[in-house]
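Nothing in this text is a laboratory measurement; each read-out follows from the coordinates by a stated rule. Everything numeric here is computed off the predicted structure, so don't read it as measured data. Here the Cβ is made from the backbone with ideal geometry for all residues, glycine too, and neighbour counts use every protein chain on show.
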Amino acid sequence: ASHLILIDGAADVSEHQAKRIEPSIARLNKTYDSQAQYVSELRAIYESLGVTWSTPLEESARYEIEERDGRWHTKADADIIDEDFNSLRTFDSEAIFSALTCPIFVVHCEGVLDDAPLFLRKHFGRMLTSAKRIEKVTTTANHYTVACEEQEDVMREVRRFLES
């Protein structure tokens, strides 16, 4: 790859993130009476995280749930997602980032989820000191608003990085 862009990720994971992510993983094991009930619950979760609900989000929510045996279940395999999340705890950012030679651009989202951002500044420390060619910027968006809404400040910085 010629460039690597990381949007609020690949930092060191601690119990700080687990406390914020595990409720989302638990949601994947629930069953629902209807598709509408799931969409409504998901909308409430996103809105509580500061995300403006939109048609694409609603379409995505409707896509990710299916009816089986008269109940509605998410299509996601909660065990695989849980396994994936747990693998982040053993992610060796020092080894990975010290081996990369391409320019790396990291966006750190400082917007809060409950009482703090998903990643704190200290979670990026090993990445920043291990990588050879890395640039980090911050945004006031949170982890979810940067993924679900257009963030012109972030896009402007990404374009600048890719053009440099």
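Within the chain, what percent of beta bridges assigned by DSSP are antiparallel, to the nearest 5?
Details: 7 of 17 bridges.
The answer is about 40 percent antiparallel.
Where does the range 1-78 land on Rg/Rh, using Cα atoms and the Kirkwood Rh?
Result: Rg/Rh = 1.05.
Taking the Cα atoms only, what angle lies between the long axis of helix 152-163 and the longest principal axis of the chain, rounded to 10 degrees?
40 degrees
Check the straight Cα-Cα distances from Lys132 and name the lysines below 17 Å, setting aside those fewer than 8 residues away within the same chain.
Output for Lys132: empty list, no partners.
Counting only other residues whose beta carbon sits under 12 Å from that of Ser54, what net charge do I get with K and R as +1, D and E as -1?
Charge balance near Ser54 sits at -4.
With N residues in the chain, what two-decimal value do you get for its Cα radius of gyration over 2.2 N^0.38 Å? Intermediate values should be presented prior to the final figure.
On the way: Rg = 17.6 Å, N = 164, 2.2 N^0.38 = 15.3 Å.
That ratio works out to 1.15.
Based solely on C-alpha atoms, express the radius of gyration and the Dmax of the range 31-127 in angstrom.
Both quantities, over Cα of the range 31-127: 17.9, 52 Å.
Over the Cα atoms of the range 51-99, what radius of gyration and what Dmax do you get, in Å?
Rg and Dmax of the range 51-99, Cα atoms, are 16.9, 51 Å.
With contacts defined as alpha carbon pairs under 8 Å and 6 or more residues apart, what's the relative contact order of the chain in percent?
Relative contact order of the chain: 32 percent.
For Thr31, what residues show an amide H to amide H distance below 5 Å, using hydrogens built from the backbone and excluding near sequence neighbours?
The answer is none.
So if I place +1 on the C-beta of Lys and Arg and -1 on the C-beta of Asp and Glu, and nothing else carries charge, what would the dipole magnitude of the chain be about its Cα centre? I want it in debye, nearest 20.
With Lys and Arg at +1 and Asp and Glu at -1, about 560 debye.
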